[in-house]
Amino acid sequence: MFFKLPCAAALGLLAALALPACHTTTPETGTTSANAADDKPAGPAPVDTVLLKRQAMRRDSLVADSIAKKNGQLPGAILPGHRIVAFYGNIRSKGMGILGREPKEQMFRKFAGVLKEWQAADPKLPVQAALHNVTITAQGTAGKDGKWRLMNSKATINEVLGWAKEHNCLLFLDVQPGHSTLQAELPKLEEYLKDPIVHLGIDPEFSLATMPGVRPNQRIGTLDAKDVNFTIGFLARIVSENKLPPKVLTVHRFTRKMLSNYKGIKLDPRVQVVMHMDGHGDPTLKKDSYQAYVANEMVQYTGFKLFYEYDARPKPHHIMTASEVIALKPSPLYVQYQ
């Protein structure tokens, strides 16, 4: 059984703006003249479209802030009125997570059982199912451009989007930038993010642009508040321009250095930010990491990852139950299974 979000109205689009044409007045006659030599009328002044978009974005942000302050959140916002439970991986890879490890129908039967467990553990908070597909993936080879990352094909993205719609799930597109940047990679996903069910994840572990020569998995990467702020602004613009409900952004984290200057992250009501504890192993260690790197450095909402392959090894370790995760403070509103 899956839980579908109700439809809701969202933000209005940018209003059209125009600048008046400019003229000069001749002191002798008081008439307007664009050119003293041929007396031809002046054409319209150049329009600074970049400035207009910035002004419109600023206005939309103020409107969003006003609505959020009055009503607590924007129309169609998923959090905090739901708990998102996601299966993570890549549908073309058996090694990246439960999403892709098992045949489709078998995986969805397993997912249905997990969702029932979560709804039973916290009956008052509706569960929203999600698929979290790693869409731009860090690679073991540099590639032709030396960026150490590869994007899924359109066919793959459309296929997993079809799975999500078929089963009333949200879809998160996850980005591991390798030696590229979010500024370069995120525009590749814009056409998909215009869909109201599509959201975004970014993974600092595989962000190595500041570490020349380092191969993914050799060292843990990093992002800064300015990178998160760019991503928030990118998503906020898509929300405004396409009249969408707020987007959810997940940011993976399991060490302090994975995210620098977290206090500099600037929230926007059009984007709901989840700091997502991504470590595996002993439940005690996972709880400590959650407290240190997520709860103690709060941004907005929190998430927690569970690993089918790694959390239960070695015994007597176990995969934490829904009730155990819910008992964390603050209680995570985004939960992911890999």
Wholly inside region 176-258, helices (runs of 4 or more DSSP H) that include 3 or more residues that are closer than 17 Å to GLY76 by Cβ and without any contact (Cβ under 8 Å) to a residue 40 or more places away in the chain are none
By my count, strands (runs of 3 or more DSSP E) wholly in region 79-173 with at least 3 residues that are among the polar types (S, T, N, Q) and within 22 Å of GLY303 (Cα to Cα) are 127-138
When GLU241 is run through (1) modelled with pLDDT of 95 or more; (2) closer than 22 Å to GLN139 by Cα; (3) of a type in the set (D, E, K, R), the failure sits at (2)
ILE220 vs (1) within 22 Å of ILE157 (Cβ to Cβ); (2) surrounded by fewer than 21 Cβ atoms within 10 Å (Cβ to Cβ); (3) of a type in the set (A, V, I, L, M, F, W, C): all pass except (1)
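Quick grid of which residues meet (1) among the aromatic types (Phe, Trp, Tyr); (2) surrounded by 13 or more Cβ atoms within 10 Å (Cβ to Cβ):
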site: TYR88; (1), (2): yes, yes
site: LYS94; (1), (2): no, no
site: PHE111; (1), (2): yes, yes
site: GLU117; (1), (2): no, yes
site: LYS154; (1), (2): no, no
Next on the checklist: Among the residues in region 225-236, are any among the hydroxyl-bearing types (Ser, Thr, Tyr), buried (at least 16 other Cβ atoms within 10 Å of the Cβ) and farther than 14 Å from LEU189 by Cβ?
Outcome noted: no
Exactly one of MET320, MET277, MET258 is over 30 Å from SER66 (Cβ atoms), buried (at least 23 other Cβ atoms within 10 Å of the Cβ) and aliphatic (A, V, I, L, M), and that one is MET277
Of GLU309, GLU297, the only residue that is assigned to a loop (DSSP other than H, G, I, E, B), more than 15 Å from ARG83 (Cα to Cα), acidic (Asp, Glu) and at pLDDT 95 or above is GLU297
LEU125 meets each of (1) under 23 Å from the mean Cα position of the chain (by Cα); (2) within 21 Å of PHE206 (Cβ to Cβ) with one exception, condition (2)
Across region 292-306, the tally of residues that are under 14 Å from GLU324 (Cβ atoms) and of a type outside the set (D, E, K, R) stands at 2
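The values are calculated or read from the model by the stated rules, or taken from the named source; none is laboratory data. In this text, all values refer to a predicted model and were calculated from it rather than measured experimentally. In this analysis, Cβ positions are derived from the backbone assuming ideal geometry, glycine residues included, and neighbour counts consider all displayed protein chains.
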